[in-house]
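So the structure is just underneath, and the comments pick up after that.
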Ligand SMILES: Nc1nc2c(c(=O)[nH]1)N[C@H]1C(S)=C(S)[C@@H](COP(=O)(O)OP(=O)(O)OC[C@H]3O[C@@H](n4cnc5c(=O)[nH]c(N)nc54)[C@H](O)[C@@H]3O)O[C@H]1N2
Ligand SMILES: Nc1nc2c(c(=O)[nH]1)N[C@H]1C(S)=C(S)[C@@H](COP(=O)(O)OP(=O)(O)OC[C@H]3O[C@@H](n4cnc5c(=O)[nH]c(N)nc54)[C@H](O)[C@@H]3O)O[C@H]1N2
Ligand SMILES: [Mo]
């Protein structure tokens, strides 16, 4: 039977990368920028004297390679460096109620915000006001509120300098409420890794990728989200390094990739196969798969001779016997059912792993955004520890961070659970007693906004209400705030969920020149591999009214804290002085100012890389994952598990276009990806309109009128785009250990649209 044609759905035939990527960059540049300006801007990305790419947190080799072409980096840069402007005149023409009817793409596509604005309820419009007036009014409201009723959100693009000042401001004010994007992202990493290996960060460097003998890539989509990683995977594949992928979706870049840096491949329209073993695990089946691999490894060790690193296990770890007993007790039929993979597929990976002298495991949101995301991260450590793959060249754990400085924000004190040593240092350095009680993370912050416990929300970037699950609850709750302040570059929906006093404060972006006290200032960021380096904006600011995030934080602090012990004005005119304070408070930043003046910067200390285990026992800890279920059970045999993910043309809640080229979707986002067997089982056809219903206790949730399309995805798993599908996720559906929502693990039912 000839398959029905569905509008906007067709096969993408090329490899990932290649000429298709070059064409896409030309398109986005044409739409957003002038051609000459674009060329020079893009050439300055990730260069020693240039700015750090706001696209992702993947590092650069010594920070001095010639321009590394990256399609999605180019999109991120040109989206910020656009010639379009959202001026006060534009806001005068559109009431907030009207703006709310526009799509996320349309809102941001108005262009860069140009002046500070305040919401005027009488006219339902945003209106410009001078900076000092904005600060005065924000400060006056903050002075009337109890500090525990104020929350300080951070989205991870903020520099170390702005983030450090922000937490200083909040803590002097008296709040530990630091919801941040990391709570929705890699919090299971920040919680799980310290329990297993005594530090909350990845252990590998770019060098390790050059020396590894096996890469296991779990639950991430680098062709879209970390495109510069593709160069590394491409090189490894060409060296003959096996690459094992666990992903319910066949992601094109993980199958075959043409490196735009490779002249021959480009000239011949060639491509390199990336994955040696592509395991289409069910969503939520990674725990079972990992337990299966470890069980097979133990069997090899007992059979053909030692494949475990017994000396390492004896000297460096605790808990091996309990782990082995649990694996023994777990049966293959259950592992196969829960993972959707066969015993032989998993045994084959165990054989590759047993042969490799240096293995890297990399992972992303497919692993963390589950009800047991933290436990998942600990399973990865188990696997690596069994063969001593932490603290040796070419091996280790590689969490792929999200925002370009999300890791740095954490390092400099953006955390709702500050440690005792950090608080003591803060007290000793600044002469006030910071609050000791833990504060609220992202989900708890929104719950407090809903309950009225939180009365003011300050957002240093981001789009919190849209990024969180459950818009049905989050959107209306924002209107109850006594104060909302949004520091941002472009208009988004959270800015339009206005309350009694709502301020929109536009800031300089990473690409723009930041001149203070007559001198160009550098900021610093930390990448996924703990390298800290300088970033210097080069473009003229989008508007003469824009100020830096540092200056905005200092302005708010000065106004809210009339008796402050800190000289905010002095700090915001010389960023070296902020770095001197960071150096005093946070270990690892010795000679901060000197070391960031070296090209490439410096690496923060990573104890596990030296096999120093900062756990209570002083050893690396094996972890027993009881059972095999990561998430709430499915609803009978017709139940499916929904994952929500990013398209190729989006950056979180920023939607560049409606296309998702590599998955063969063009000009639309209202689709549900499904396996052919599930279509047949549910008596659905490719192209049918369907309704999705969440199968969890509580309020009924239905997302109506999506078009279901046949896709190469694991049977039993369906996928839809984020943020649209957030209406299907309850706010309290999260990992208890980390607070991270189960964005990739929602039990649903799908039926024909009625
Ligand atoms: N261009 C671009 N770059 C970005 C971003 C962006 O939106 N656009 N976002 C940034 C941010 S903040 C982050 S956190 C990262 C996100 O980067 P990724 O971690 O790559 O995030 P996602 O695209 O949400 O999902 C990743 C993959 O997980 C798979 N997956 C889903 N469920 C499961 C599962 O249960 N098991 C397994 N094994 N796999 C599963 C999906 O099929 C998908 O391929 O990227 C950063 N970089
Ligand atoms: N269903 C579902 N939901 C998810 C996810 C998922 O996979 N599925 N992923 C989660 C993840 S991993 C994350 S990290 C969150 C993302 O959550 P957020 O970080 O809150 O969201 P973003 O979309 O990155 O924020 C976009 C806004 O940031 C502002 N901005 C951009 N650049 C700058 C800058 O330089 N400075 C300032 N001050 N503002 C700037 C702009 O105004 C823009 O509109 O979403 C989470 N939500
Ligand atoms: Mo993220």
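The values are calculated or read from the model by the stated rules, or taken from the named source; none is laboratory data. Everything numeric here is computed off the predicted structure, so don't read it as measured data. Every residue, glycine as well, gets a Cβ built from its backbone with ideal geometry; the counts of neighbours run over all protein chains shown.
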Problem set entry | Residue ID - farthest from ligand 2 (Cβ to nearest atom), chosen from residues in region 707-734 that are part of a strand (DSSP E or B) and closer than 21 Å to residue 284 by Cβ | 708
Exercise. Picking from 155, 175, which residue would you name as being touching a helix residue (DSSP H, G or I) at 6+ places or on another chain (Cβ under 8 Å) and within 16 Å of ligand 1 (Cβ to nearest atom)?
Worked result: 155
Problem set entry | Only listed residue being within 16 Å of ligand 2 (Cβ to nearest atom), assigned by TED's automatic domain parsing to the domain that holds residue 743 and out of contact with any strand residue (DSSP E or B) (no Cβ under 9 Å at 6 or more places or on another chain), chosen from 651, 703 | 651
For this session: Tell me, please, whether a residue that is within 16 Å of ligand 1 (Cβ to nearest atom), in contact (Cβ under 8 Å) with a residue 40 or more places away in the chain and in contact with a strand residue (DSSP E or B) (Cβ under 9 Å, 6 or more places away or on another chain) can be found in region 131-146.
Result: no
Exercise. Which one is modelled with the highest pLDDT, of the residues in region 18-49 that are closer than 19 Å to residue 522 by Cβ and surrounded by 21 or more Cβ atoms within 10 Å (Cβ to Cβ)?
Worked result: 41
Seminar exercise, completed: Flagged in region 399-442 as in a helix (DSSP H, G or I) and either within 30 Å of residue 73 (Cβ to Cβ) or at pLDDT below 95 (or both), in numbering order, are 406, 407, 408, 409, 410, 411, 442
For this session: Can you give me the number of residues within region 687-700 that are within 15 Å of ligand 2 (Cβ to nearest atom) and surrounded by fewer than 21 Cβ atoms within 10 Å (Cβ to Cβ)?
Result: 1
For this session: Can you work out which of the residues in region 467-494 that are touching a residue at least 60 places away in the same chain (Cβ under 8 Å) and within 22 Å of residue 77 (Cα to Cα) is farthest from ligand 2 (Cβ to nearest atom)?
Result: 493
Exercise. Can you name every residue in region 500-535 that is in a loop (DSSP other than H, G, I, E, B) and within 16 Å of ligand 3 (Cβ to nearest atom)?
Worked result: 527, 528
For this session: Looking only at region 611-630, decide whether some residue is within 16 Å of ligand 2 (Cβ to nearest atom), touching a residue at least 24 places away in the same chain (Cβ under 8 Å) and crowded, with 22+ Cβ neighbours inside 10 Å.
Result: yes
Exercise. Taking region 147-157 only, how many residues are more than 14 Å from ligand 3 (Cβ to nearest atom) and in contact with a strand residue (DSSP E or B) (Cβ under 6 Å, 6 or more places away or on another chain)?
Worked result: 3
For this session: Could you please let me know if residue 678 is at pLDDT 95 or above and surrounded by fewer than 19 Cβ atoms within 10 Å (Cβ to Cβ)?
Result: no
Problem set entry | Selection within region 338-355 - part of a helix (DSSP H, G or I) and without any contact (Cβ under 8 Å) to a residue 40 or more places away in the chain | 344
